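To start, the structure itself, in structure tokens.
The values are calculated or read from the model by the stated rules, or taken from the named source; none is laboratory data. Just so it is clear, the model here is predicted, and its values are computed rather than measured. Virtual Cβ from ideal backbone geometry, glycine too; neighbours counted across all protein chains shown. Keep in mind that these areas ignore ligands, DNA and RNA; they rest on the heavy atoms of the full protein, side chains included. Shrake-Rupley method; radii C 1.70, N 1.55, O 1.52, S 1.80 Å.
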Amino acid sequence: TSAGLAQWAAQVALDGASDRDTPFAIGRPPGHHAVIDDAMGFCFFNNAAVAAQTVLDEGVADRVAIFDWDVHHGNGTQDIFYDRGDVLYASIHEDGLYPDTGALEETGEGDGEAATVNLPLAAGAGDADYCYAIDEAIAPALDRFDPDLVIVSAGFDAHRHDPISRMRVSSEGYALMTDRIRSIADDVGAADAYVLEGGYGLDTLAEGVSMVHETYDGRTPVDGDDEPDEKTESIVAESRSLLGL
């Protein structure tokens, strides 16, 4: 069911759904840890990967980008497309968490060289760090890749009140990230769709999903006054160098 919902979201987005009709596949179980031939980390089928491959197979998209803001690295999504040039995988995640993948230096190979973007941020990163990483690394990577569709692997476990992570993203932070992704997709002429990944606090999970919907419904996010940490700035600079951005 979750994989089918993700397929629906990708197809509806490419059919032209936008603004308050932007599709969000709210399914369980999540998918981004599942590899081609095995289940991992509560994930059985890689929903976002199935959705991306479906629209590529159908010929309604030539290039798909998957941006993963779940607090864990989506090792499965990365592995599936690591040597492919038609799918870009980008992830912001907490350094050192399960499954201990997603190093800066993992940038793809073969046809997929520079089509994998990993930003392992230090514990404690918050709204300013995530927004900086999107502005300075994710946005230029997506601009260069020029996708037809952006799928957001939207986990909400980087929330400051999630019980299993040490990140400090606020509910408003998810609105700020959503607004940036929407703008990036508009700038490159791509459709956008969301696929639910992790989230272990029921209240924060509900708030995060609501923030995505409210942003597409026209609510303007409130930007904070914080500045990104020097560690984040260093990681982003190194990523830009490795990727030639």
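Counting every C-alpha pair in segment 146-245, the share spaced more than 18 angstrom apart comes to 56%. Solvent-accessible area assigned to carbon and sulfur over segment 1-56 amounts to 56 percent, based on a 1.4 Å probe.
For segment 76-143, the per residue solvent-accessible surface stands at 33 Å², with DNA, RNA and ligands left out and a 1.4 Å probe. Using every pair of distinct Cα positions in segment 93-143, the Kirkwood expression returns a hydrodynamic radius of 11.9 angstrom. If the segment from residue 230 to residue 164 were pulled out straight at 0.36 nm per residue, it would be longer than the present Cα-Cα gap by 21.3 nm.
Counting protein heavy atoms only, segment 109-245 has 43 percent of its accessible area on carbon and sulfur, 1.4 angstrom probe. Summed over all non-identical Cα pairs, the Kirkwood treatment of the chain gives a radius of 17.3 Å. On the basis of the beta-carbon distance and an R0 of 41 Å, residue 214 and residue 242 show a calculated FRET efficiency of 0.70. Take every pair of alpha-carbon atoms less than 8 Å apart whose residues are at least six positions apart; their mean separation over the length of the chain yields a relative contact order of 22 percent. First measure r as the distance between the Cβ atoms of residue 21 and residue 146, then evaluate 1/(1 + (r/R0)^6) with R0 = 30 Å and state the FRET efficiency to the nearest 0.05. The computed FRET efficiency comes out at 0.80. Only helical runs count toward this figure. For the chain, summing -39,500 (n - 2.57) over DSSP H runs of n ≥ 4 and dividing by all residues gives -11500 deg cm²/dmol at 222 nm.
Here is the list for segment 93-122: GluC sites (Glu not before Pro) lying in DSSP coil, each with at most 10 other C-beta atoms within 10 angstrom of its C-beta, are 105.
Once you reduce segment 108-177 and segment 188-215 to the center of their Cα atoms, the two points are 13 Å from each other.
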